[in-house]
There are 2 protein chains.
Amino acid sequence: MITVKELAKLCNCSVATVNRALNDRPDINNQTKERIKQVAKEHGYRPHFIARSLATGNTNIIGLIVLDIKNPFFEHIIDYLNQRLLERGYSLHLGIMDGSPESEYRVFEQLAYMKVDGIIHVPLNVGDAYKTYLKQLHIPLVHLCNWYDDEFPFVGVEESQIIAEAVQHIQQAGYTELIYVSPPLRYKGSRNLYTLEERLKGVQDSIGDMKLHVLDTKDYLQKSIELVSQSHERSCFLCSSDIFALDIMTQMRALDMTPPKDYGIIGFDNITFLKHISPRLTTIAYPVEELIDHALEELLLMIQGKQCISKHILKAHFIPGETI
Amino acid sequence: MITVKELAKLCNCSVATVNRALNDRPDINNQTKERIKQVAKEHGYRPHFIARSLATGNTNIIGLIVLDIKNPFFEHIIDYLNQRLLERGYSLHLGIMDGSPESEYRVFEQLAYMKVDGIIHVPLNVGDAYKTYLKQLHIPLVHLCNWYDDEFPFVGVEESQIIAEAVQHIQQAGYTELIYVSPPLRYKGSRNLYTLEERLKGVQDSIGDMKLHVLDTKDYLQKSIELVSQSHERSCFLCSSDIFALDIMTQMRALDMTPPKDYGIIGFDNITFLKHISPRLTTIAYPVEELIDHALEELLLMIQGKQCISKHILKAHFIPGETI
DNA sequence: TTGTAAGCGTTATCAA
DNA sequence: TTGATAACGCTTACAA
């Protein structure tokens, strides 16, 4: 691996001049610049990221913390953010959690150690210690999809409105009972469930005279069967993730019950795999690309030192299917 | 961010001693060590990865190049490798391609720039230029699932054997025509298709007196319908990925054709989502964890300077379903 | 337009 | 058991 020092020797000039040439700085003679670049290319010079970062104090790496790489919801986010970052000369470092809130701290330590320039994440922990922790990291942060505290920039979705829209569809389809399925709600108190609770509030506010059940336990599959088979109402599930909805549909199919004949069901996320599921699951899609665009814009501003703690609330979309 | 220099001042000692204390080196008085560690903790000292890497010459980062983050096949690999690496004090950096073979070079440049200690990847390009390129990177490499050249360590799967097993199942089920579906085969000459071609060979060797069709074009969906509806044989698809199999099943369902009544079908990869698909897709599973274990072991040996270019060939598993 | 030299925060080799 | 000090490869004042 050839270094600037060696290049300087080869070109009979100083390392400063080599640096000017390689980084297209203005204060350099055009001929010497071309000459140096030529020599650099011939010798396969590659800038040394580590040395450069140590000198400049920044890595041009952005961290994205992913709750669960197995959740297809993140596919699109990762792919799109990666593209946008490359365009802007940054690269992406994925912080992979194992699903537990404690692992969020482990991933933060890793990203802090790696000196990433900024982090986009879905805040999962809760409490003052968490806030203190996030602040002492001294890393620009943008919170995605799950509001935690107004001291951090946030990019998310207007939940109550899209929920109201979904509930309206459910009512119009003649259902008399709504079952809100969101097992993670059982972690109330120990995890940040802002978004899931917003959705629940949205349901409560718009439910009118329909009956409401909330399934927030681990055995939601079993419970959902009991509810539908024992109830004399026309029941419709509203699930906080397509994953839960698919689990229910699969389980119900084993009992020969399919939507919308025997029950209704709506998911969340519009994951790619739905195209293979019949009947087509009615779901709600997040504007992933817009979310990422805003989050990235916000983060880059912070990295440039422009402290603009803002809040972007975008709109989700109702995706009609065949299950209500 | 407090540094070793500042810690040294606080402790009335030299940076060398601080370093000895923080890294648990033997040549240091136990009391001073504890004292320094205490002060470091009080001041929230975090080692500076960048500076350390510059000094030691290694990053303790391993790169994994992923063809397509959207392909669920990689979920398991990423998750498992990440776990194993953490246990060993390494961290994982994902290199994300956009599906094109050219982007493989872009990702390699990125990982080389980041000075990762080693890379696990599925070699996708082909030709002597590729080989020259990989060698001049001077980064330990392990090739996964797709053999390219004996000069690189390889961890993969015995393809012909598992294919023979699948073909036998197909024959026993009474099919008289086998359709091997592997659209990427159309890139023959410009991409490394070793594994896909091994599978094809496996099919040819074990097919006996069944008819054989190979679908290696982009319009394989259309072609597959034509084949099944025009043929007077009992046709069974063998797809080089569950994704292709699901695409075919979904398309067929629209024409009211389902396996195993109207045709047979077998996939590859045993992706998680199959549990939601009915009838259950018969498929073939790679021993992902074993693959990664071997690949990692091999890579770490190379990083330690032990040049052991070896070849590990593992066994895949036939996963019976309801589609043949 | 060019060169000199002082960092950046560690590690590691000596010598004490 | 400790301390000085020279790397590591690059950037960036400042001086020429």
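Summary table
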item: Those lysines that a straight Cα-Cα span of less than 18 Å connects to A:Lys218, excepting residues fewer than 8 apart in one chain; result: A:Lys188
item: Proximal lysines to B:Lys115, defined as alpha-carbon separation beneath 20 angstrom and excluding residues fewer than eight positions away on the same chain; result: A:Lys5, A:Lys41, A:Lys115, B:Lys131, B:Lys135, B:Lys306
item: At R0 = 22 Å, FRET efficiency that the Cβ-Cβ distance of B:Asp150 and A:Glu42 yields, to 0.05; result: 0.10
item: Note, ³J(HN,Hα) from phi for the stretch B:307-314, Karplus 6.51, -1.76, 1.60, rounded to Hz, x at Gly and Pro; result: 6, 10, 6, 10, 9, 10, 10, 9
item: Kirkwood Rh in Å, taken over all unlike Cα pairs in chain B; result: 22.6 Å
item: Prolate/oblate/rounded call for the stretch A:209-271, Cα gyration tensor, a/c under 1.5 rounded; result: rounded
item: Distances in nm from B:Lys135 to the matching label points in the other copies, shortest first (labels 7 Å along Cα to Cβ); result: 5.8
item: Net +/- balance of residues flanking A:Thr56 in space, Cβ distance below 12 Å, scoring K and R +1, D and E -1; result: +1
item: Equivalent-ellipsoid semi-axes of the stretch B:46-100, from the Cα gyration tensor, Å, largest first; result: 26, 14, 7
item: Sequence of A:Glu34, A:Glu165 once ranked by neighbouring C-beta atoms within 10 Å, starting from the fewest; result: A:Glu34, A:Glu165
item: Linear extension gain, A:Gln204 paired with A:Thr250, 0.36 nm per residue minus alpha-carbon span; result: 13.8 nm
item: Calculated FRET efficiency for the pair A:Glu290/A:Ser310, C-beta based, R₀ 25 Å, to 0.05; result: 0.95
item: Among B:Glu159, B:Glu290, B:Glu151: highest mean-square fluctuation, GNM of chain B, C-alpha pairs under 10 Å; result: B:Glu151
item: The stretch B:159-285 shape via C-alpha gyration tensor axes, a/c threshold 1.5; result: rounded
item: Copy-to-copy label separations for A:Thr217, where each label sits 7 Å from Cα toward Cβ, in nm and ascending; result: 5.7
item: Amide hydrogen neighbours beyond the local backbone of B:Thr59, cut-off 5 Å, H modeled; result: B:Asp117
item: Ranking of A:Ser235, B:Ser160, B:Ser14 by count of other Cβ atoms within 10 Å, fewest first; result: B:Ser14, B:Ser160, A:Ser235
item: Global form of the protein assembly as shown, assessed from the alpha-carbon gyration tensor, a/c cut-off 1.5; result: oblate
item: Counted charge near B:Pro287, where neighbours are those whose Cβ lies closer than 11 Å (Asp, Glu -1; Lys, Arg +1); result: -3
item: In the stretch A:261-315, chymotrypsin sites (Phe, Trp or Tyr not before Pro) in a DSSP loop with at most 11 other beta-carbon atoms within 10 Å; result: none
item: Crossing angle, helix B:30-42 versus chain B [Cα axis fit, 0-90 degrees, rounded to tens]; result: 70 degrees
item: Förster-model FRET efficiency, 60 Å R0, A:Ile303 and B:Arg280, C-beta, rounded to 0.05; result: 0.80
item: Residue mean of other protein chain beta carbons inside 10 Å, B:43-50; result: 4
item: Label-point separation in nm, B:Glu6 to B:Gln168, each point 7 Å along Cα→Cβ; result: 6.8 nm
item: Label 7 Å beyond Cα on the Cβ vector: A:Gly89 copy-to-copy distances, nm; result: 3.6
item: Residues in the stretch A:251-280 that a label on A:Ser229 would reach, taking backbone N under 13 Å of a point 7 Å out along Cα→Cβ; result: A:251-257
item: Among A:Lys275, A:Lys41, A:Lys211: highest mean-square fluctuation, GNM of chain A, C-alpha pairs under 10 Å; result: A:Lys41
item: Order of A:Met257, B:Met114 under a 10 Å beta carbon neighbour criterion, fewest first; result: A:Met257, B:Met114
item: Other-chain or far-sequence residues with amide H under 5 Å of B:Asn270's (modelled H); result: B:Asp242, B:Ile284
item: Other-chain or far-sequence residues with amide H under 5 Å of B:Phe237's (modelled H); result: B:Ile179, B:Gly264, B:Ile265, B:Ile266
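Every number here is computed from the coordinates shown, using simple stated rules; none is lab data. Everything numeric here is computed off the predicted structure, so don't read it as measured data. We place every Cβ from the backbone using ideal geometry, glycine too, and count neighbours over all the protein chains shown.
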